[in-house]
Amino acid sequence: MTTHSEAAHPDHFEATQAAGHPEGATPPDQEAVPDDRLLSALLDGMDAALFALDTTGRVTHWNQRAEGLLGWTAEQAVGRAGLGGWLVREADEAEAVAGLLAVARPAADAGPDARQVRHLPFRRADGGRALMRVASTAIRDAAGRPVGVYCAFGEVLAQLDLERDLALSAALLGEAAWGVLLVDADLRVVAANGRAADALSAAPVGLLGEPLAEFLSGGFDELESALEHSLAGQPPRDPVELWVTLRDEGLAGPALFDDHRPGEQRRCLVSGFVRLGSTAGDDAAPLGVAWIFQDVTETRRAGQGAARQRFRDSQLSRASRAAADCPDPMEAAVLHLHYALAGFADHALLDTTSDAGGLTRIAESPGSFAGPNMARGLPIRYRAGHPALQAVDCGVPVRATGGVSRSAWAHDHRWPADVQHALCVPVRSRGRVLGALTFLRGEGRRPFDRLDAAYGEEVALRVGAALDLSHLLTTAR
């Protein structure tokens with residue numbers, strides 16, 4: 001639809017000079033576009049509702065957005081002398097027009113871009129009324145004299161909704177209780193608040209423009225799936241828990257014995273996802289996704305630790321009750337090994353001290369890894385410095401983790417080839433060290449920590465009591 005306007009007045013517009021041509025000249029095969037037609041096209045292409053008044057209060061421009069908002073067409077609006085009787089009530093016209101034109105009055109303290117905002121009740125073409133927020137700005141000629149005003153307007157409620165949306169965005173990206181991170185369609189970070197940056201161990205500025213995958217070494221597949229579903233308009237309906245591992249090159253190494261540093265890099269984030277759509281059109285591409293999350297790692301760890309401890313206490317109790325019914329104390333010792341493995345380790349080895357000062361293998365669980373013909377009661381030729389020997393000599397638990405060549409490491413320690421982590425606990429009774437109890441974990445499992453060592457010592461105490469009783473009975477016989 002073409003916006004109607006008055007003929008260009010010399011005082012209103014200046015002739016446009018074609019770039020690259022002498023003043024007043026036009027290319028021979030191209031006609032210059034009149035300024036009034038160019039202005040009309042620009043006004044019609046804007047998303048804001050606009051109209052213009054000259055200094056007498058006559059309507060000179062009325063764009064398509066204004067027509068869509070109020071129902072008055074450009075043919076009905078342009079050329080009207082004043083706003084009374086159609087856009088505002090007759091009784092309100094003088095005040096309304098005077099207020100809009102006030103910005104065009106010369107003032108000593110008013111700059112060339114002076115702007116005023118006021119609220120006016122406008123009438124729609126169907127007779128309804130709506131409160132509008134109108135921003136008026138003066139139009140000046142080449143000499144700086146005011147020749148009219150143009151007014152941009154929108155519904156007050158819509159403006160308030162927009163301001164609330166902007167305020168909400170600013171609050172979320174400020175110091176909100178949740179981490180907020182915005183990614184574009186390429187999953188690159190475009191905005192992040194402080195909590196989100198802290199959760200990812202990065203500075204907010206360092207996140208901007210970078211692929212999200214650059215900051216995560218584990219759990220990104222699940223996050224990427226949720227983001228892509230959100231971009232497609234199918235975000236998860238309920239908050240989801242995502243376990244992600246932060247990328248930290250400083251933690252790389254063959255062995256990690258610090259109980260806290262590796263765990264601190266794995267975070268549990270309760271996450272929600274919101275698709276950011278464009279208001280430009282129904283088929284517009286999404287602007288991205290807002291990932292809103294809260295770090296609940298410590299809470300989840302505490303819950304997991306409590307559940308793990310309850311299970312381990314239950315296993316110790318069950319093993320003690322079962323061992324009480326064993327007529328042979330050695331059978332009771334092996335039974336404790338079987339119960340201790342559940343959810344704790346892949347293998348358990350029981351070695352006792354010999355008169356020669358070495359260790360002798362007397363039991364394995366769940367079975368012999370050296371084959372069915374493995375003889376029991378034979379000395380184990382551990383090399384010097386073996387973790388089991390250290391545990392016996394020092395009387396304290398020893399934890400070990402394999403290096404880069406884990407298969408060779410396990411073979412050197414006379415353990416199964418798939419072993420990556422070991423916990424060797426001294427077996428004690430009546431102030432004496434009777435041997436070593438070794439727990440082994442394979443590929444894909446975490447190293448033993450201090451809580452694991454404490455549980456291993458609890459098992460070793462029961463095994464030590466059973467071994468001591470077996471030795472006493474053997475001596476008595």
Between W178 and D313, the two model label points (7 Å from Cα along the beta-carbon direction) sit apart by a distance in nm of 3.6
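Starting from the Kirkwood radius over alpha-carbon pairs of the stretch 303-476, derive D by Stokes-Einstein at 4 °C in a medium of 1.567 mPa s and give it in µm² s⁻¹.
Values: Rh = 16.3 Å.
Reported coefficient: 79 µm²/s.
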The extension gain from A185 to A98, computed as 0.36 nm times the residue separation minus the Cα-Cα distance, is 26.5 nm
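Give me D for the stretch 35-161 in µm² s⁻¹, whole number, from Stokes-Einstein with Rh from the Kirkwood sum over alpha-carbon pairs, 20 °C and 1.002 mPa s. It would help to have the intermediate numbers written out before the result.
Numbers: Rh = 14.8 Å.
Reported coefficient: 145 µm²/s.
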log10 I(q)/I(0), Debye, Cα-only the stretch 404-477, no solvent, q = 0.22 Å⁻¹?
-> -0.94
Just grab the label-to-label distance for H338 and D325, each label 7 Å out from Cα along the Cβ direction, in nm (one decimal).
-> 1.1
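Would you kindly state how much longer the chain becomes between A232 and H119 on full extension, computed as 0.36 nm times their sequence separation minus their alpha carbon distance, in nm to one decimal?
Going from the current span to full extension adds 36.7 nm.
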Surface/4 of the Cα convex hull for the stretch 112-225, nm² = 12.8
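Since every read-out is calculated from the coordinates, none of them should be taken as a lab result. As the structure is a computational prediction, the values presented were derived from the model and not from experiment. We place every Cβ from the backbone using ideal geometry, glycine too, and count neighbours over all the protein chains shown.
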